[in-house]
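Remarks on the structure that follows.
The values are calculated or read from the model by the stated rules, or taken from the named source; none is laboratory data. Treat the numbers as computed from the prediction; the structure is a model and nothing was measured. When we count neighbours, we look across all protein chains shown, and the Cβ atoms used for this are built from the backbone with ideal geometry, even at glycine.
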Amino acid sequence: MTGFALAQDLASAAAASFEADATHLRAGQVSHPGGAAAGACGSELTAPANPPECLVCALPFEFVPSCAPRAMPTVVDLTDTQRKRVLEWHLQSCRRTAFHEAGHAIVGLAHGRELKFVQAGQNPHASFLTGPLIPSVVVRTKCAGEVGAAVADGRLLLPSHSEMLAAVERARMEQIGSCDLCVAALLLVRERLGASDAELVEYWKSLWRQTIDLLDDIFVRAQLIKLAGALLEHIHLRSADIGAIVDTASLQAVRRELFVEAE
């Protein structure tokens, strides 16, 4: 069995064991023109009573549950080559998570959002102070996770048109979870009440492009890499720690040059 195949087996076992108990993230409040409450990165929407048909939201945080089958292969059972592959896979996963959360943090800071903390590890999370926010800013912050992770991956895989359309349809029925895609879809639906599904998806795509442009700026990219590196080393960073690492004022100046947002 290869290291990657073992990792897949472990992940499958974790998903099977915890599928019934998978929970969503914390509830939070964000103001927007529609007046309804929506989630910000780090303060997510309350999960509905019926679980959403979103594969991302159905995945648990735990990788290997304590109730995993005792016969499951362990690192001791692997060859040196297999151990190396599992370790490489794990290190890349940690690196991707750090860049994902750093992406949320950097784009949020660039828009003037106040960051409480950001952490990688088992419960990756970027937590912002709640308050009156522009939905498009929150959506860009949501998009920034995958755009940031793309720096670690070396490639960017955006959600397809059909995936975004399906997320919008779920959001209209309030069948949403707490993943970035679900929360962004709900924010857009509540912000633009008269827009069609197709119009919402096109607007969403424009926010993805703006987020990519922001993180593609050489200065912003450098700040992203610095913050992700600090996350890999320290796992949890508080607001004061982040302020010593990231040049927030310059980030906001770059964002204003790229696009103007009503505040």
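Just to be sure before I move on: is Leu227 among the hydrophobic types (A, V, I, L, M, F, W, C), touching a strand residue (DSSP E or B) at 6+ places or on another chain (Cβ under 6 Å), surrounded by 13 or more Cβ atoms within 10 Å (Cβ to Cβ) and not in a loop (DSSP other than H, G, I, E, B) in the structure I sent? No.
In the list Ile212, Ile176, which residue meets the criterion of being out of contact with any strand residue (DSSP E or B) (no Cβ under 9 Å at 6 or more places or on another chain), of a type in the set (A, V, I, L, M) and not in a helix (DSSP H, G or I)? Outline the logic, then answer.
Working: Ile212 fails: not in a helix (DSSP H, G or I).
Of the residues listed, the single one that is out of contact with any strand residue (DSSP E or B) (no Cβ under 9 Å at 6 or more places or on another chain), of a type in the set (A, V, I, L, M) and not in a helix (DSSP H, G or I) is Ile176.
Taking residues in the stretch 221-241 that are β-branched (Val, Ile, Thr), and partners anywhere that are assigned to a strand (DSSP E or B) and surrounded by 15 or more Cβ atoms within 10 Å (Cβ to Cβ), the pairs with Cβ atoms closer than 9 Å and at least 6 places apart or on different chains are Ile235/Gln119.
The listed residues are Leu109, Leu78, Leu133, and the only one of them that is crowded, with 19+ Cβ neighbours inside 10 Å and modelled with pLDDT under 80 turns out to be Leu133. Against the list (1) surrounded by fewer than 24 Cβ atoms within 10 Å (Cβ to Cβ); (2) under 11 Å from the mean Cα position of the chain (by Cα), the condition Val147 fails is (1). Does the stretch 209-224 contain any residue that is of a type in the set (Asp, Glu), in contact with a helix residue (DSSP H, G or I) (Cβ under 7 Å, 6 or more places away or on another chain) and under 14 Å from His104 (Cα atoms)? Within the stretch 209-224, none of the residues are of a type in the set (Asp, Glu), in contact with a helix residue (DSSP H, G or I) (Cβ under 7 Å, 6 or more places away or on another chain) and under 14 Å from His104 (Cα atoms).
Name the residues in the stretch 228-248 that are among the aliphatic types (A, V, I, L, M) and over 13 Å from Gly108 (Cα atoms), would you? Ala228, Ala230, Leu231, Leu232, Ile235, Leu237, Ala240, Ala244, Ile245, listed by residue number.
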